Structures are given as C-alpha cells and as structure tokens.
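The values are calculated or read from the model by the stated rules, or taken from the named source; none is laboratory data. The shown structure was predicted, so the numbers you read here are calculated from the model rather than taken from an experiment. All Cβ positions, even for glycine, are placed from backbone atoms using ideal geometry, and neighbour counts span all protein chains on display.
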Amino acid sequence: ESGKLWGGRFSASTDELVEEFTASVDFDKRLAACDIDGSIAHVTMLARVGTLTEAERDQIIKGLKDIGTDIARGEFAWSNALEDVHMNIEARLAERIGDVGKKLHTGRSRNDQIATDIRLYLRNEIDELTVDLDRMMTALVDVAEREADTIIPGFTHLQTAQPVSFGHHMLAWFEMLYRDRSRLVDCRRRMNVSPLGAAALAGTRFPIDRYDSAEQLGFDGICENSLDAVSDRDFAIEFSSCASLIMMHLSRMSEELVLWMSQQFGFIDIDDAFCTGSSIMPQKKNPDIPELVRGKTGRVYGDLMALLTLMKAQPLAYNRDNQEDKEPLFDAIDTVRASVKIYAALIPAITVKPDAMREAARRGLATATDLADYLVEKGIAFRDAHAIVGQIVSHALAAGKDLVDLPLAELRQYCSAIDEDIFDQLSLEASVAARRHPGGTAPDQVRAAARRARERLQNT
Ligand code: ARG
C-alpha cells in the first residue's frame, strides 16, 4: 500500500522522484481559501439533498474552518507527499475530526474541485485588479483635467506632427485602459459558472443539486457539460490575454514616459520617490518603474503562450497537463496587478515641463497643417496648399525659424492669399483650440471628455 489517499490499488509506494515531480502544493496552496469555500458549499449541498446528515455537515464545516484558520496563520504543515492543496486539506480534515472527514469527497473529484478553485480565485483577483485599474484611470483623468491647456507636440513616426493638449494624451491612455477593463468584466462573466458536480468527468450518481452549490459560491450558473467543466481552461487563457493587452498598453505608456523623461525630450519629470539612481554615475535619475513594466510585459505574453500551448492538444476530459496552468496564470495575475498598482501611484507623481514641450513643438513646425488649412479657407485646393506650405517649411528650416516667426512679406512670396490674420492661426494655442469637435484636442473638449470619462467610471 502506498499510503496515499488514492493508494488502494497500489502495492508499492511512490518513488521519491515521482512525488517531487508530480507535487503542486508549493504553488497551488495559494488556492487554499477558495478550496475550503468550495468544500463548505459542497457539503452544505450534500446535507440539503440528504447524502450527509446535518451533524456530519457541521463537523466537516467546523474542521474545514479550523484548517482555514491554521493556514491563514501560517501554522499548517504542507506536505509534498500529499501532492496538492486538495489532498493536504482533506488529509488534515480526517486527522482533525476523524472518520467523518472522509465523507467530504463524496460525489466530487479533484477535477471539478480544481476547476472550481481556480475560477473562485481568479474571479477575486479580477475584482481587485479592476479596482486598481479604476484608480489608475481616475489618476489619468485628474492629470487630463489639470493639464488640459498644456501643449505637447503630438507625434507620428516619432516625428513632430501636430500640437495636442497633454490632457488629451492622458485621455488616450484612459481609453485603452477603459477597453481593457470592459474585457476583464466580460471575461469574468463568462468564467463565473460552476464546474462542481461534474466530478471526475461524467457527473455523479448522488442526487446533487448543482444550482445550490453554484449559488452558495456566487456563481451565476453552472457549466452545462460535465466533460467541458473539468477540462475547460479557456477562461485562464482569456484572462491572460486580457492581462497581455493591459501590459501591452502599460508598455506603450512606459516607452513614452522613458522618452519624455530623457534629457533629449525633457517633457516631464517623475517624482524622486518613483525613480532610482545609479551605483556609479552620481548624476543619474532613472525611470526604472516604466522600464520594469515594459520588461514584465514579455513575461505576461509568455504566460499567455504557455497556456495556449498547454491546451492545444488535450483530448477530453481532464489531463494532468492542466496542473501546469497554475504557474503561468498566477504569474500573469501577479505581474499585471503589481504593474497596474504601481502605475496608479506613479501617474500623480508625473510633473510636466510645458516650456520644453512648446519649444519642441515649435522646432518641429507643428502648425504647418494649420497653415495649409488656412490657405484652403482662402480658396486654394488642399493639394496645392500642401505644396505651397512645403516650400514655406523649407524656407523656415533654412532660416531656423518657426512658421509663426516668419515676416508676412516672406510668407507672401509663396502665396499672396496670406494675410495678417495668419498669425492668429499659427500659434500652438490656436492650432489646438481649433480642433473643437468631440474627440478633438481643444482644451474645452478635453475638459468635457474628462468629465465624461469620470462619469463612465462611476457608472461601470
Ligand atoms: N492538482 C491537479 C491540478 O492542478 C488537480 C488534481 C487532479 N489530479 C488528478 N490526478 N486527476 O489540476
């Protein structure tokens, strides 16, 4: 006899190497609280349908709760020989409350048990991640409102394109995260159904009430098919894909922050509390947080790939391969949560340097499009206007001046339609203010968009 909970048919004990290779308790013990919640719901249901007596139910629940307390206090001795979180807890239960503890696993398998545990665990993590995302989005809206009038050069191809409000830029980040949030909510909704009752794969002959245990655990319904219930992990893949998108967005923001904080851009500063120094170069103040977040993005993509690959050739129903779902999933959860959390704290620590932003916008002739649009308003076709302004741009670059600093006489050499009123339109402020449709960068529009963003956050 092997001495295992499943050891009845075995005559030899498990090889030590095998024990070490198959054990998951080191990483799945973080599911303990969910495992206990699932077990309590299961025995409560079993007593309701008459499979357990109420006295048995009460003893088991008390035992499980005591074990939960021990675990929370760090006073539980986990054993590799007991393989996983489920059997560690079940074995301890029988030690604590005697033979009645052996009834816990009636009409259940570790296969529906683990599928339940992960869903409960992930559901809670999604809820907490959503709270942190909301904090980060609120921080972005705060900056957007504060800096609606601050002008930064907008880029395409990382070449100066047109001036935009810095607040507008912050609200672009907001939109990315807002979609990420709705993807998480969607993922949670699809995931929140109960596998309990699927047992090993085929269901159970006990007169269980799957809706009862599902409701106790806060699930919105039950998995419709027992084979699918124990073998589905696409909720984990879906979450990791949501996490990957969040990290991708954070990584893009990180890249911008790193650039903006460089001496070459000099657009922003990040509070000392959120930067680190160099062990050799005394002058350094480095944006390590954005860099680390950018780096961690690769890990989460890797977690997603690991999970996709894990599932790709599994026949129905449960296979032990699935035990490999936990480390990538937990890593994706931990990484995305830590990244969003630190970003929620970092955003308010950003200060802007409007003079450097303005200077860069001017150096890049960011209002050239406005000059072309002006010519169109004077009756010139846009393509012709584009060509005329192209010549003026060459002239300005050669003279080392911004468009707005060229004398009227010089401008008129290229097009006699240009008048004194051009100078009102070539300033950065005028350029930004002119884009005053919804979704545009005019400061009033940015303030209105920020208000709507706040409302959307409150109504989600
Ligand atoms: N520890 C396993 C997992 O993580 C659950 C146990 C199912 N094991 C089994 N031999 N059927 O998926």
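Worth a mention:
- Residues (out of contact with any Asp or Glu (no Cβ under 8 Å at 6 or more places or on another chain) and within 12 Å of the ligand (Cβ to nearest atom)) located in the range 84-113: 87, 88, 90, 108, 109, 111, 112
- Breaking point among (1) surrounded by fewer than 19 Cβ atoms within 10 Å (Cβ to Cβ); (2) over 20 Å from the mean Cα position of the chain (by Cα); (3) over 30 Å from residue 83 (Cβ atoms), for residue 267: (1)
- Output for the range 203-234, where each listed residue is surrounded by 17 or more Cβ atoms within 10 Å (Cβ to Cβ) and part of a helix (DSSP H, G or I): 210, 212, 213, 214, 216, 226, 229, 230, 231
- Considering residues of the range 7-31 that are acidic (Asp, Glu) and assigned to a helix (DSSP H, G or I) only, the residue farthest from the ligand (Cβ to nearest atom): 16
- Counted residues, the range 292-321 - those being in a helix (DSSP H, G or I) and over 19 Å from residue 243 (Cβ atoms): 2
- Subset tally (residues that are outside any loop (DSSP other than H, G, I, E, B), more than 30 Å from residue 451 (Cα to Cα) and in contact (Cβ under 8 Å) with a residue 60 or more places away in the chain) for the range 174-192: 1
- For residue 331, the conditions (1) surrounded by 17 or more Cβ atoms within 10 Å (Cβ to Cβ); (2) more than 16 Å from the ligand (Cβ to nearest atom); (3) charged (D, E, K, R) are fulfilled apart from (2).
- Selection status of residue 191, under 19 Å from residue 122 (Cβ atoms), out of contact with any Pro (no Cβ under 9 Å at 6 or more places or on another chain) and crowded, with 16+ Cβ neighbours inside 10 Å: yes
- Failed condition for residue 362, given (1) away from the ligand (no atom under 16 Å from the Cβ); (2) at pLDDT 95 or above: (2)
- Verdict on residue 32 being among the small types (Gly, Ala, Ser) and surrounded by fewer than 18 Cβ atoms within 10 Å (Cβ to Cβ): no
- Helices (runs of 4 or more DSSP H) enclosed by the range 367-443 - at least 3 residues per element that are loosely packed, with under 13 Cβ neighbours inside 10 Å and either of a type in the set (A, V, I, L, M, F, W, C) or outside the structural domain of residue 166 (by TED's automatic domain parsing) (or both): 382-399
- Pairs, first within 15 Å of residue 53 (Cα to Cα) in the range 91-102, second of a type in the set (Asp, Glu) and part of a helix (DSSP H, G or I), C-beta under 6 Å, six or more apart: 100/56
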